[in-house]
Every structure is written in C-alpha cells, then in structure tokens.
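*Asks:* Got a structure for you, written out below as structure tokens; questions coming shortly.
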Amino acid sequence: MEPRCLSLPDASVLVFPDAVEAGEAAAEHLMKAAKAAIQMRGKAVLGLATGNTPLPVYAELARACQSGRFLFDDVVTYNLDEYYPISPRDPRSYRTYMHRHLFSQINLPAHQAHVPDGSVPESGVADYCALYDRWIENDGGLDFQLLGIGRNGHLAFNEPSDLPIEEFRQTPTRVAKLHPVTRSDALKEFDGNANLVPARALTMGLRPILNARSLVILAMGAKKASIVAKALQDPISSKVPASLLRLVPHQTVWMLDEAAASELD
Ligand code: GLP
C-alpha cells in the first residue's frame, strides 16, 4: 500500500499503515542512497541508529544482503551513539545491539563498522570524539543518516538544549549528559534499575548529522505522537532537537506510522 504523503512547508512526511512497512521503505531508501554513492564515489558512508524503531530496517537489510540484492563490501558505517562509560562487550552496549541485529547478519567487513567506543578512558574521551568526527570527514561525510527520535525530541543523544539554534546545529561529537526522560526510557535495557543506567553517553553531534546528504527519521507508535507534532509543527527550537531537521528539508524524509502521525494537524 502506498504511504500517505503530507506536505508540510519544511518537511516531507510519509505515513505508513504500520512500523514494518515504514521500516522496509526506510531500508529501500538507505539502499538506494548507498547504491548511488557507490556508483558515484566507490563507497557509501552510512550513519546508523539504535533503539527499537530501526529493527525492521535492519531485518530488511539482512534479507537484502542474504538474497544478494544488496552487498556491503563498499559500505562504511558510523553509529550515532553509545552509553558512556560501557564496555563494547557489555550486552547492553549499542555495539552489542549492532552486532546482534545487523553486523552479524550482513557481509560488512568488521573494520568498516564504527560504533563510538564507550570504553575509552575519561582522559582521552574528548580527543576520541574529535577523532570520530575526523574519520567521518575523511570518509567524505555521511551519504545517508538513519534516525529515531527520543520522547523528548532528542536526536542520537543530542538532548534538548538552551543553545541558540545556529550554535546547536554546529555541535560536534562529544560526551553528553543524559536527560531524565532518556534515562527513564533506558530503564528497560538495565533491568529496571535506575542506578545501572549510565548518566552520560557519547553522541555524534548535530553538525555531522545535519551535514548528511540524505536523512530518514523514523517514529512509530502513539508514544511518539506528541513529540512528532512538536518537532514538525512548532517553531524550530533547540528544546526539540529533531525540529532542527527542518533546517535541511530537502535532504530529509520523515517516515511515520499512523499512530505517530495522529497528533499532526
Ligand atoms: C535512544 C537512542 C536514539 C533513539 C532513541 C529512540 O535514546 N540514543 O538514537 O532514536 O533512543 O529509541 P526507540 O527507537 O527505542 O524509541
């Protein structure tokens, strides 16, 4: 079934009957962007996300790879974020999530997959974050970025901020303090024990994210409806980080299910 297409002044929004169809469409969008980049410059650089929302995307990418429809030999990936501090081997790390849901299912060479390393020592973490941005730049920037949205509007772990919009959009990869809403949403990954939820994370900054040549943001379910309406229809504000995607409307597609779209006017 064709998605419903909403034309907002500064956003393209596609509304799908359910999360699986939206995920499949996002995977198709990603593969198309990757194929175009590989054809043009010999490789595709993809920004990847974690959380529940991208799972149908990764399932579709795994199917595409296993059937030979899309191969990852010429793909380089950069994940958006990671808890800090955390061991990459910790079952709750985003590195483990990526291995389980995508990297172990596809033919992406291990050295071409980057997830911020939550085990770098405190003394070297600022340099490590700057290096992560340099790796992305040296790879020619992101051809495609996949995004979810937090219930408080965060992108990756770029949490709501008081910074002026122009300053916020230039933020580099860095260590960030997690917002109380984010920490409470993370409880389920940490056995419901608030003391185990990290207070900080490494997050790709808004600068590399918004510089991506193509972006898809996914939001599913009724619990995202109110923040989606704010991000798309209230004035652009650093208090709702996802609203800054409206600064790059031509590169960005919002893919929602009916529930997440239910509070749009
Ligand atoms: C986490 C991630 C975000 C993600 C968000 C939404 O906080 N750092 O990148 O978009 O959660 O998660 P979910 O897709 O599970 O709703």
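Since every read-out is calculated from the coordinates, none of them should be taken as a lab result. Please read all numbers here as calculations on a predicted model, not as lab measurements. Note that each Cβ is placed from the backbone with ideal geometry, even for glycine, and that neighbours are counted across all protein chains shown.
*Asks:* Just to be sure before I move on: is VAL13 surrounded by 20 or more Cβ atoms within 10 Å (Cβ to Cβ) and more than 16 Å from the ligand (Cβ to nearest atom) in the structure I sent?
*Replies:* Criteria met by VAL13.
*Asks:* For the range 235-261, name all the residues that are over 18 Å from SER7 (Cβ atoms) and out of contact with any Lys or Arg (no Cβ under 7 Å at 6 or more places or on another chain).
*Replies:* Once the filter is applied, which keeps residues that are over 18 Å from SER7 (Cβ atoms) and out of contact with any Lys or Arg (no Cβ under 7 Å at 6 or more places or on another chain), the range 235-261 yields PRO235, SER237, SER238, LYS239, PRO241, ALA242, ASP257, ALA259.
*Asks:* Further question on the same structure: Within the range 166-187, is there a residue that is within 15 Å of the ligand (Cβ to nearest atom), closer than 29 Å to SER119 by Cα and aromatic (Phe, Trp, Tyr)?
*Replies:* No, the conditions are met nowhere in the range 166-187.
*Asks:* Inside the range 243-265, can you point out the residues that are surrounded by fewer than 22 Cβ atoms within 10 Å (Cβ to Cβ), acidic (Asp, Glu) and within 15 Å of the ligand (Cβ to nearest atom)?
*Replies:* none
*Asks:* Can I ask one more? Being under 30 Å from SER87 (Cα atoms), of a type in the set (S, T, N, Q) and without any contact (Cβ under 8 Å) to a residue 24 or more places away in the chain narrows it down to one residue among ASN158, ASN193; which is it?
*Replies:* Just a single option satisfies the conditions, and that option is ASN193.
*Asks:* Among the residues of the range 139-157, what is the count of those that are within 15 Å of the ligand (Cβ to nearest atom), out of contact with any Gly (no Cβ under 7 Å at 6 or more places or on another chain) and on the phi < 0 side of the Ramachandran plot?
*Replies:* 8
*Asks:* Let me ask something additional. In the range 33-55, which residues are farther than 17 Å from LEU108 by Cα and more than 11 Å from the ligand (Cβ to nearest atom)?
*Replies:* Within the range 33-55, ALA36, GLN39, MET40, ARG41 qualify.
*Asks:* Oh, and also: Given the condition among the aliphatic types (A, V, I, L, M), under 14 Å from ALA19 (Cβ atoms) and within 16 Å of the chain's Cα centre (by Cα), answer yes or no: does some residue in the range 233-246 qualify?
*Replies:* no
*Asks:* If you don't mind, another one. Mind counting the residues in the range 52-83 that are part of a loop (DSSP other than H, G, I, E, B) and surrounded by fewer than 19 Cβ atoms within 10 Å (Cβ to Cβ)?
*Replies:* Of the residues in that region, 7 qualify.
*Asks:* Those residues that are of a type in the set (A, V, I, L, M, F, W, C), touching a helix residue (DSSP H, G or I) at 6+ places or on another chain (Cβ under 8 Å) and either without any contact (Cβ under 8 Å) to a residue 60 or more places away in the chain or over 15 Å from HIS154 (Cα atoms) (or both), I need them from the range 168-190; list them, please.
*Replies:* LEU178, LEU187, PHE190
*Asks:* Sticking with this one: Would you mind stating whether ARG200 is charged (D, E, K, R), in contact with a strand residue (DSSP E or B) (Cβ under 9 Å, 6 or more places away or on another chain), more than 13 Å from the ligand (Cβ to nearest atom) and in contact (Cβ under 8 Å) with a residue 40 or more places away in the chain?
*Replies:* Spelling it out, it is not the case that ARG200 is charged (D, E, K, R), in contact with a strand residue (DSSP E or B) (Cβ under 9 Å, 6 or more places away or on another chain), more than 13 Å from the ligand (Cβ to nearest atom) and in contact (Cβ under 8 Å) with a residue 40 or more places away in the chain.
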